[in-house]
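Asks: Here it is, the structure in full.
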Amino acid sequence: MAENRRKRIALFGNNFTSRYKRGLCRAFTLAAGEFDIDLVIFNTYGKIGTRSGFNEDYETEILDYFDLEQFDGVVFDGEGYNVVGMSESIEKRLRALKCPVISISSHIEGFYNIRFDDSGGLRNMVDHLIEHHHFSRIAYFSGPFDHPDARSRLAEFREVMKDHGLPENGVGMFEGDFWFNMGNEAAHYFLSLPERPEAIVCANDYMAISLINNLRKFGVGVPEDMVVTGYDGTVEGREYLPHLTSVTRERTDIAYKSLKLLVDLIDDPEKTDFDLSVTPKLIRSQSCGCEPLDYQHVLDFVSTTQEENRMMGTYLYESESAMVKLNMVTNIREMEAVFKEDSVNFGEYSSFFMMVHADKKGIPMFDSSFSGPSGAFIPVIWVDKNNDYLRSPHYFNRSLFIPPADSDRPHVYYIMSVHCADKLFGYSIVEMCGKEIFTEYHNVWLHNLGIILNALQKEDRIHKLINKLEGLSITDGLTGMLNRRGFEDRSRNRIADFHETKTICTMVIDMDGLKKINDIYGHHEGDRSIKALADIIQKSCINGEIAGRVGGDEFYLFAEDYSETALNRLIDRLLGNLRQYNESESTGSYQLSFSYGAYLVQTDSRGQLDDFIKISDQRMYEQKTAKKEARK
């Protein structure tokens, strides 16, 4: 690590915007400030939605474009990755790093591991119910039996019940989902047991909240009729009424100990004395009857909830406005302007950057000409409210994927991929003000930005296809010149744009003897001769003349601001290039020849191209007839 450089630590995890994970991010943000380090938090969406969830199983692909070796240490939170294989994919990348890596949620061989006494927390809970409240009829609401946390907590519940001489499964056990979905079924089950429980221990707070809500439907009050406890010490559990008796995960302790160990290991790689154990604490609260309901707190909570609901409505309204504006943008700069103006609903932030893949030619991925990622990224949204960053790099890459800071304070960044369906456009970086993480509206913004990038790419592809089709519709397939439609449209448009009278020139050129060439040498040779004459004409048009093939062997020319001198020079070029071709390119069996007729006339925007062409055509036939008479 370079001397005097601030240490840089990475934190990897999923769905940090959930209320459960926000506390963890807050704790790491505060600890990072205390240790004066830069913290880069890599957050993923994982599965989006519940009923018909959409898997973002490829979003970790963005990590392939970052040099993770530049980090001095890594913290890995493998809990909560709800897409199969995502946690394992990140773990595999982290195993290849040379810096120390700490796992804070599950034991991983080869990493440093936070030893969280999960089972000890559950033991404290059951001991409290038996020894303090003197309950003997205790039931258990488990998480999914195949979940590692659920298995360890269930095993400890059985062990502590056995230690107290009680049935190891209590008076009943129900398998839940660690979420809010099965509270009704659980309430039915527990209330139908032969021995009604005095207390129900739940494997997490969410299931406890759901259970209490459904017990109320059956007229069962908590804690007066039955005690219900939770686990994990979530924000929801502390705010819920009654406040949950639970076990805290001690996030502050986890964050502080993780970063302190990494800092110590960076300064002294030979360090061997360290303690990464975290002991959970029992929260004795209202749902077990240890604390009375605080009605002033209830009033404060209702007021706070009303204010949050009001702000949620405002933020939703702002989101609707932003989505409408985003769907009206026609280019990337308009998208940046909408973001700068409307990104007011996900929390106070100091900077936001969005980087998009560029190919080897520097073409960004939202351009349909994009050929493939080169490892370089172009900044397309740059919001730096405090002017903390240097915008000198035009491209970002593996070693420079975060803008260089022009400030001496520690920074905390959140990095997420920007994508749409299976297209990875790039990534975003946001730095929040204070210790709070952004809300879910930040994720809504990223999804919409990805959708707009995808729409811009499709629109660009459509425009280029239309232009190509339009080009085909006005282009002669044999010669590459304008066809009749193309020639007439462009020439008429030039005349229609005249603001004053101008001298124009029209010319009709017709090949001599094409039928004879076709009859003797075949149509392939005839086509070659037409192409040769087209090349001669295009080579001669060096002063802005418009030329087109309008029939088999007939060509039209149009020029504005012309004169007799300019016309004579054009004719000289045509005849000179014809002579040069016949001397060097002809088969020797025939000589390429053409007849022409030209007309110079003054006209304004009301001039009729057809009238001018008709006169040129007559003059061409006069010349062609004169040639035939001369050969007799």
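Asks: List the pairs whose first member sits in segment 194-222 and is surrounded by 15 or more Cβ atoms within 10 Å (Cβ to Cβ), whose second member is part of a strand (DSSP E or B) and small (Gly, Ala, Ser), and whose Cβ atoms are under 6 Å apart, counting only residues at least 6 apart or on separate chains?
Replies: Pro197/Ala139; Ile200/Ala139; Ala203/Ser142; Asp205/Ser246
Asks: Is one or more of the residues making up segment 401-414 small (Gly, Ala, Ser), in contact with an Asp or Glu (Cβ under 6 Å, 6 or more places away or on another chain) and either within 23 Å of Asp36 (Cβ to Cβ) or in a strand (DSSP E or B) (or both)? Even if it seems obvious, please write down each step before you answer.
Replies: Step one: filter segment 401-414 for residues small (Gly, Ala, Ser), giving 405, 407.
Remaining after also requiring in contact with an Asp or Glu (Cβ under 6 Å, 6 or more places away or on another chain): 405, 407.
Still in the list and also either within 23 Å of Asp36 (Cβ to Cβ) or in a strand (DSSP E or B) (or both): 405, 407.
The answer is yes, given that some residue of segment 401-414 is small (Gly, Ala, Ser), in contact with an Asp or Glu (Cβ under 6 Å, 6 or more places away or on another chain) and either within 23 Å of Asp36 (Cβ to Cβ) or in a strand (DSSP E or B) (or both).
Asks: Would you be able to say whether some residue in segment 492-509 is without any contact (Cβ under 8 Å) to a residue 60 or more places away in the chain, over 26 Å from Glu622 (Cα atoms) and either assigned by TED's automatic domain parsing to the domain that holds Ala566 or over 45 Å from the mean Cα position of the chain (by Cα) (or both)?
Replies: Taking segment 492-509 and keeping what is without any contact (Cβ under 8 Å) to a residue 60 or more places away in the chain, we get 493.
Now drop any that are not over 26 Å from Glu622 (Cα atoms), which leaves 493.
Still in the running and either assigned by TED's automatic domain parsing to the domain that holds Ala566 or over 45 Å from the mean Cα position of the chain (by Cα) (or both): 493.
Yes: segment 492-509 contains one or more residues that are without any contact (Cβ under 8 Å) to a residue 60 or more places away in the chain, over 26 Å from Glu622 (Cα atoms) and either assigned by TED's automatic domain parsing to the domain that holds Ala566 or over 45 Å from the mean Cα position of the chain (by Cα) (or both).
To keep it simple, each residue is scored yes or no on (1) at pLDDT 95 or above; (2) under 54 Å from the mean Cα position of the chain (by Cα); (3) surrounded by fewer than 17 Cβ atoms within 10 Å (Cβ to Cβ).
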| position | (1), (2), (3) |
| --- | --- |
| Arg485 | no, yes, yes |
| Ala547 | yes, yes, no |
| Ala559 | yes, yes, no |
| Leu575 | yes, no, yes |
| Ser584 | no, no, yes |
| Thr587 | no, no, yes |
| Gln591 | no, no, yes |
| Ala598 | yes, no, no |
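Asks: If you check Tyr414, Tyr389, Tyr427, which single one turns out to be out of contact with any Cys (no Cβ under 9 Å at 6 or more places or on another chain), at pLDDT 95 or above and buried (at least 18 other Cβ atoms within 10 Å of the Cβ)? Give the derivation first.
Replies: Values: Tyr414 fails: out of contact with any Cys (no Cβ under 9 Å at 6 or more places or on another chain); Tyr389 fails: at pLDDT 95 or above.
Only one candidate qualifies: Tyr427.
Asks: Still on this structure: Inside segment 11-65, can you point out the residues that are closer than 27 Å to Ala421 by Cβ, among the hydrophobic types (A, V, I, L, M, F, W, C), modelled with pLDDT of 85 or more and in contact with a helix residue (DSSP H, G or I) (Cβ under 9 Å, 6 or more places away or on another chain)?
Replies: Phe12, Phe16, Ile41, Phe42, Leu63
Asks: Could you tell me whether Asp460 is assigned by TED's automatic domain parsing to the domain that holds Tyr596 and of a type in the set (Asp, Glu)? First the steps, then the outcome.
Replies: Numbers: assigned by TED's automatic domain parsing to the domain that holds Tyr596: no; of a type in the set (Asp, Glu): yes.
Taking the combined requirement at face value, the residue does not satisfy it.
Asks: Report every pair of residues separated by at least 6 positions or lying on different chains whose Cβ atoms are under 6 Å apart, first residue within segment 121-145 and under 16 Å from Glu168 (Cβ atoms), second among the hydroxyl-bearing types (Ser, Thr, Tyr).
Replies: Listed pairs, sorted by first residue: Met125/Thr229.
Asks: Still on this structure: Could you tell me how many of the residues in segment 363-387 are in a loop (DSSP other than H, G, I, E, B) and either closer than 17 Å to Ser428 by Cα or hydroxyl-bearing (Ser, Thr, Tyr) (or both)?
Replies: Taking segment 363-387 first, the residues in a loop (DSSP other than H, G, I, E, B) are 363, 365-375, 385-387.
Checking the rest, the ones that are also either closer than 17 Å to Ser428 by Cα or hydroxyl-bearing (Ser, Thr, Tyr) (or both) come to 365-366, 368-369, 371, 373-375, 385.
Residues in segment 363-387 being in a loop (DSSP other than H, G, I, E, B) and either closer than 17 Å to Ser428 by Cα or hydroxyl-bearing (Ser, Thr, Tyr) (or both): 9 in total.
Asks: Right, something else. Consider only pairs whose beta carbons are under 9 Å apart and that are at least six residues apart or on different chains; among these, list those whose first residue lies in segment 559-580 and is in contact (Cβ under 8 Å) with a residue 12 or more places away in the chain and whose second residue is of a type in the set (Phe, Trp, Tyr) and surrounded by 14 or more Cβ atoms within 10 Å (Cβ to Cβ).
Replies: What qualifies is Glu560/Phe498; Leu570/Tyr562; Ile571/Tyr596; Leu574/Phe594; Leu574/Tyr596; Leu578/Phe594.
The values are calculated or read from the model by the stated rules, or taken from the named source; none is laboratory data. Here the structure is a predicted model, which is why all the values come from computation and not from measurement. Cβ: placed from backbone, ideal geometry, glycine included. Neighbour counts: every protein chain shown.
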